[in-house]
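J.: Have a look at the structure that comes next, please.
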Amino acid sequence: MKILETIQHDQSGETVVLAQSTSGTRIALCRTPGFSTSSGHFGLRFGSTDTHFRLPSGQEVEVPGGSAHYLEHKLFEGREEKVFDRFGKLGARFNGGTSFRTTTYHFTTASRFQECLEVLVDFVQHPLITEERVDKERGIIEQEVRMYADHPGFAGTFLLHEALYAKHGIRVEPGGTVEDVRAIHAKHLQDCFDGFYRPSAMCLSLAGDFDTDEVLAFLESRLDVDDTPLATKLYPTEPTSPHADWLERDFPVTRPHVWIGWRAEGGEPDGHQRLRTRLINSLVLDLAFDVSSDTHADLYRRGVIDDSFGCHWSGDSDWGHVVASGLCDDPKLFVTEIRKAAEAFAMQGPGEADFERLKRAAWGGLISGLQTPTALAGNILSSMLGDLRPFEMLDALAGICFADVQQAAKSLFHPQQSAVAVLKPSE
Amino acid sequence: MAFLQTIPELRRPAPGVELLCLPEPRFKRAQLGLSLDLPLDDGRAARTLLSEVLQQGSAAHPTRRDLSRALQEAYGANCSLYADRNGENHRIGISLGWVGERFLPPGNIVVPQLLEMVRQTLEEPRRGKDGQPFDEEVVERERKLLMQRLAERKDDRPGYAEERFISLMCEGEPYGLQAWDSEQAVAALTADDLEQARMELLATAKITAVVVGPCDPDIIAAWLADVFGGRSKLATLPEIGRPVPAAIREVREQLPMDQAQFHYGFRYPEPADKRAFEALGFACSVLGGGSHGRLFRIVREQKSLAYGIYAMQRARKGLITVAAGIDASAYQEVRDEVDKQLAELQQNGPTAEEMEMTLVNRLDRLRGLADSGYELATYFVREHTLGLERSPAERAAILQDLKPTEIAEAARLLVPDMVYLLEPNADASAVQPEGIPAQA
C-alpha cells in the first residue's frame, strides 16, 4: 500500500488522502470528523456499452446488452451468503448502479464501518457465477427493465439516442431489453468479470470519521493481488452525423413528448477536458434556456414550453450531445421554435453578466452536493472513474472564463447535427 | 456513534407559528421549510393555483426570470412553493435553501435578502392592471398549465396507480381527496378567488417552520415574527379519521402499460402508547421495510416476482401500504404471499433473525440521521406532527427492549382494507419506432 498524496481542498474544506494498493487499486479516503455515518463506494470503468472486447488471451467476446447490469445483480448474490443478508445483519444501506461506462457498489453505515467495508471489497472481488444462479435472477431483472419501459422520460431518451447514433452502445438502456436479458448466460458474465474486474481497474472511495492508517492497513489484506491484464474494449466506429432526422413512437402519453438532440463533433477521451467540456456546455445551456434566460421567458410566455422543458449535456470519451426536451401539443412547431431559439442564441452569444451569475449559481450547486459522507464518497469515486482529482469540478469551474462559453455557444447547436425523437399519444 | 439525546428547540415566534430549530454548522447548505396548513376545504383549488401564480413574480421581482436571477446571484439559492395534501390537511409548502456563509466569499451574506424575497412573494405579489389582484395573463397561463399537468398525471403510471389506490381506499374521507380539488374547480377560479385564498392562507393557516444547517435560528424567528406577528384568527384543523374497514375490497383498473402496479392497504387503530407505536413501525419493517423485509426476501429473492416490494407506514392516518411493480399474471400469487406473511407474523411474530436484522437496521437509521439536513428535518417534523417528540435516543431505547410478542401483537392490529391493481389492458402492445433516414 502506497500513500500517493494528501489533498487539502480549500473550496470544499475537505481533505482527501490518495493511496494505491500493491495491485494498483486506487483508493481515496476523506475524513469527516463529527459525522455519524461512513460510506464506501467501490467501482470500475466498465458499463453497459462495453459489450464487445478482446480478452488478454486474444479471444474476442461479444455479450448481449445489459450484461454489465446483470453482472452487478449477480455480484449481490455473494458466494456462500447473499450480500443482502450480510449488509442486512450490519444494518447498512447499500446498492449498486450501472451506467453506460461505469459500475459502482456502495454502502453507508452509522456503526459498523470496517465490517461493511470487508463485505464490500469481498463481494465485488469474489463472485460465484453459475448458470443456475444467473437463471434465478432473470425474472427480477426483467421486472426492473419493464419498470422503466412504462416511463416516458426513459423511452424518449433512448429513442433520441437511436436517432442520434447508428451503432453506439448508448442506443440501448443500461439494463438491456427484455430480449437481451433472456439471452444472457453465465459465460457472458464470467467473461465480463474476468476481463474488467481486475485490481488495477478498481477504484475505492471512503468517507467517514475513521482512522486513515487503520483503514489502509485493513485494506492491504483485503484487496486482491492479481496482475492479470485488462481486456481491451472494442467500440464500433460511429458515423459523424445523426442516424435519423426524426423518429416517432406511439406511447401511452397524454400529449406528445419531444426530445431534440444536437451531436457534438465527438467525445473527449481525456478526463480533464471531458469535465471542462461538460461544465462549459452546461453553462451554455443555462445561458440559452434556463428559467433565468430571456429565451426561456419568451418561449414560456408564448406557450411554446412549460415546466416540463429542460436541457442537459451528455458526453463521455466517444460521444457528446445536447438534449432539449419537453411536452407540447404540436411537435413540429415545438422543434421549429426551439431550434430557432438555439440558433438565435448561437448568433447573438451570451451576456457576460449572465455568465458570471450562472457560474456563481453552479458553484453553489456543486458545493452543496458535497454534504454527507455518502455524497462525498460517491462524488470522489465519480471523479476517480473519470480520471479526475477529487473535487476537480470546483477547480475546473473556477477556471472557466467568458470566452470559453462564447466559443462553445457558437458550435453547440449545429443544424446538421440535430435529430428529434417524439413519443406520440397512442390512446 | 451515539444517538441524538435531544429534540430540537421549539419556538413560537408568532400566533399559530411554530419553529423547529436545528442549527448545524457542519453542513454546507442551510434549509428552511415552511408548511402552511389549512383544512382540505373548498379553497384548496384556489390555493393550489395560487402557489403557481406566486412563483411567477412579485412586485420587487416582477417575473419568474427575475426571481430566478435573484436566487442565482445568491450563490445558487433555491426557493419553491408547492401545494399538496398532507395527512387530512391541505398544505402550501415553501422550501428555501442556501450555501452556508463559511463557504461564501468574505462579507457575503445571503439570508436577509432571501427571506425578504420570500416575504415579498407572499405579501406583495405582482399585481394586474387596473387594480386586478393578479395579472390576468399570468393567471390564465398558469391555470392552463396546471390543468395540463392534472391531465398528464396518468403518464406516470406508478404515481397514478398510487393516487388511484389511496383515493379509492379512502373514498369519502379527506385523505382520499385531491389537493387541487378537481379540474372543474380549477377551471372556475378567478383572480379574486386567488387573492382571497392568499389573504386567508397568510392570516389563518397553521404554520410549521423548520430550519436546519448553518443558520442562526434567531434570524428566522425574527423574520417569522415580522411576517406573521399580526395574526389573530387562526384556522382549526380537523382531527384525522381512522375508520375500521368492514370487509376487504378489491379494485382492478386497466390502462395501456407494460408492468402492473400492485397496492395493498391495511388500517390500524391509534396505538396505545409510544411503545405500541414503535412496535407497529417495527412490524411494518419486518414485513417490507427494505431488503431485510420478508416480502422482499420471498417475493423478490425467492420467487423472482418483483424487482422491489415494500411496506410503508402512513402514521398519521393509521395505514400500512404494500406496493410492488409486478407482472399482472402474478397478481394472485403476490397478494396471497402478502396475506400469508402477514398472517404468519401476526401469529408467531418475527423470527430471531428478523428481530436482529430489523433492529440493527432501524438503529442504524436513527444513528445516521444527524448527518443529513433533510433527514433531520423530516424526522423531527414527523415527531412533532405526531405529537410524540421522541429523541432518537428515546426511540432506540424502546426499540432495543421490544419483544417478538409485542411485534406480533402490533401486526394483529392491521386490518386489510383494499387490494388494488392497475394492469395493462388487452390492446396494449409495444409499438416499434418508425424512422426517417437522415439526409446527410
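FYI, it's all coordinate maths here, none of it is from the lab. Note that this is a predicted model, so its numbers are computed, not measured. Backbone-built Cβ (ideal geometry, glycine too); neighbour counts: all protein chains shown.
J.: Check residue B:29: other-chain or 5+ apart residues with amide H under 5 Å from its amide H, H built from backbone geometry?
T.: B:100
J.: What is the distance in Å between the Cα centres of the stretch B:107-179 and the stretch B:1-57?
T.: When both Cα centres are located, 16 Å separates them.
J.: Roughly how tilted is helix B:157-169, in degrees to the nearest 10 and between 0 and 90, from the longest Cα axis of chain B?
T.: Rounded to the nearest ten degrees, it is 80.
J.: Calculate the FRET efficiency for residue B:400 and residue A:23 from the Cβ-Cβ distance with a Förster distance of 45 Å, rounded to the nearest 0.05.
T.: 0.60
J.: Long-range amide H contacts for residue B:417: which residues qualify at under 5 Å (H placed 1.01 Å from N, peptide plane, sequence gap of 5 or more or a different chain)?
T.: For residue B:417, whose amide H was placed from the backbone, the distant partners under 5 Å are B:265, B:266, B:267.
J.: Could you work out [θ]222 nm for chain A from helices alone, using -39500 (n - 2.57) per DSSP H run of at least four and dividing by all its residues? Round to the nearest 500 deg cm²/dmol.
T.: -13500 deg cm²/dmol
J.: Pull up the cross-link candidates among the lysines for residue A:424, meaning alpha carbon to alpha carbon under 18 Å and not fewer than 8 places away within one chain.
T.: A:332, B:154
J.: Sticking with this one: Give a residue-ordered list of calculated ³J(HN,Hα) values for the stretch B:105-122 (Karplus: 6.51 cos²θ - 1.76 cosθ + 1.60, θ = phi - 60°; whole Hz; x for Gly, Pro).
T.: Ordered by residue, 3J(HN,Hα) equals x, x, x, 8, 10, 10, 4, x, 5, 5, 5, 5, 5, 5, 4, 4, 4, 7 Hz.
J.: Taking 60 Å as R0, compute the FRET efficiency from the Cβ-Cβ separation of residue B:129 and residue A:228 and round it to 0.05.
T.: 0.20
J.: On to the next question. Rounded, prolate or oblate, given the Cα gyration tensor of the stretch B:249-424, with a/c below 1.5 counting as rounded?
T.: Note, shape of the stretch B:249-424 comes out prolate.
J.: For labels at residue A:272 and residue B:347 in the simple 7 Å Cα→Cβ model, what's the distance in nm?
T.: Here the modelled spin labels are 6.8 nm apart.
J.: For the protein assembly as shown, give me the percentage of DSSP beta bridges that are antiparallel, rounded to the nearest 5 percent.
T.: The antiparallel fraction comes to roughly 80 percent.
J.: Further, regarding this structure: Could you give P(r) for chain A, binned at 10 Å from zero, as whole percent values over all Cα-Cα pairs?
T.: 4, 20, 28, 27, 17, 5, 0
J.: Then there is this: Classify the protein assembly as shown from the C-alpha gyration tensor, please: rounded if a/c falls under 1.5, else prolate or oblate depending on whether a/b exceeds b/c.
T.: rounded
J.: Using unit Cβ charges (K, R positive; D, E negative) and no other charged atoms, how large, in debye to the nearest 20, is the dipole of the stretch A:246-425 about its Cα centre?
T.: Dipole about the Cα centre, nearest 20: 180 debye.
J.: Set the Förster distance to 56 Å, then compute FRET efficiency between residue A:1 and residue B:249 from the Cβ-Cβ distance, nearest 0.05.
T.: 0.35
J.: If you don't mind, another one. Convert each backbone phi in the stretch A:264-277 into a coupling constant with the Karplus relation 6.51 cos²θ - 1.76 cosθ + 1.60 (shift: θ = phi - 60°), then list the ³J(HN,Hα) values in order as whole Hz, x for Gly and Pro.
T.: Listing the rounded values in order: 8, 4, x, x, 10, x, 7, x, 5, 5, 5, 4, 4, 4 Hz.
J.: Kindly write out, for the stretch B:344-359 in residue order, the coupling ³J(HN,Hα) from the Karplus curve 6.51 cos²θ - 1.76 cosθ + 1.60 (θ = phi - 60°), rounded to whole Hz, with x marking Gly and Pro.
T.: Once rounded to whole Hz, the list reads 5, 5, 5, 7, 10, x, x, 6, 4, 5, 5, 4, 5, 5, 5, 4.
J.: Continuing with the same structure: Which angle between 0 and 90 degrees, to the nearest 10, do you get for helix A:352-368 versus the longest principal axis of chain A when only C-alpha atoms count?
T.: Orientation of helix A:352-368: about 30 degrees from the principal axis.
J.: Below 8 Å, C-alpha to C-alpha, sequence gap of six or more: please give me the relative contact order for the stretch B:9-228 in percent.
T.: Rounded, it is 41 percent for the stretch B:9-228.
J.: What are the residues whose amide H is under 5 Å from the amide H of residue A:309, where those residues sit 5 or more places off or on another chain and H is modelled from the backbone?
T.: Those qualifying (amide H under 5 Å, at least 5 residues apart or on another chain) are A:327.
J.: Sticking with this one: Just how large is the dipole of the stretch A:2-233 about the Cα centre, in debye to the nearest 20, putting +1 at every Lys and Arg Cβ and -1 at every Asp and Glu Cβ?
T.: 320
J.: May I ask which residue of B:166, A:9, B:177 lies farthest towards the positive end of the charge dipole of the protein assembly as shown, with charges of +1 (Lys, Arg) and -1 (Asp, Glu) on Cβ and the Cα centre as origin?
T.: A:9
J.: Along the Cα→Cβ direction, 7 angstrom out, place labels at residue A:85 and residue A:398. What is the inter-label distance in nm?
T.: The modelled label-to-label distance comes out at 5.1 nm.
J.: Dipole of the stretch A:246-425 (Lys/Arg Cβ +1, Asp/Glu Cβ -1, origin at the Cα centre): which of A:377, A:261, A:349 lies farthest to the positive side?
T.: A:261
J.: Top mean-square fluctuation among B:368, B:349, B:33, Gaussian network model of chain B, C-alpha springs under 10 Å?
T.: The residue with the greatest mean-square fluctuation here is B:368.
J.: Moving to a separate point now. So, with +1 on the Cβ of K and R and -1 on the Cβ of D and E, and no other charges, what is the size of the charge dipole of the protein assembly as shown about its Cα centre, to the nearest 20 debye?
T.: 720
J.: Taking +1 at the Cβ of each Lys and Arg and -1 at the Cβ of each Asp and Glu, which of A:188, A:296, A:363 sits farthest along the dipole of chain A towards its positive end, judged by Cα position relative to the Cα centre?
T.: Value computed over the given set: A:296.
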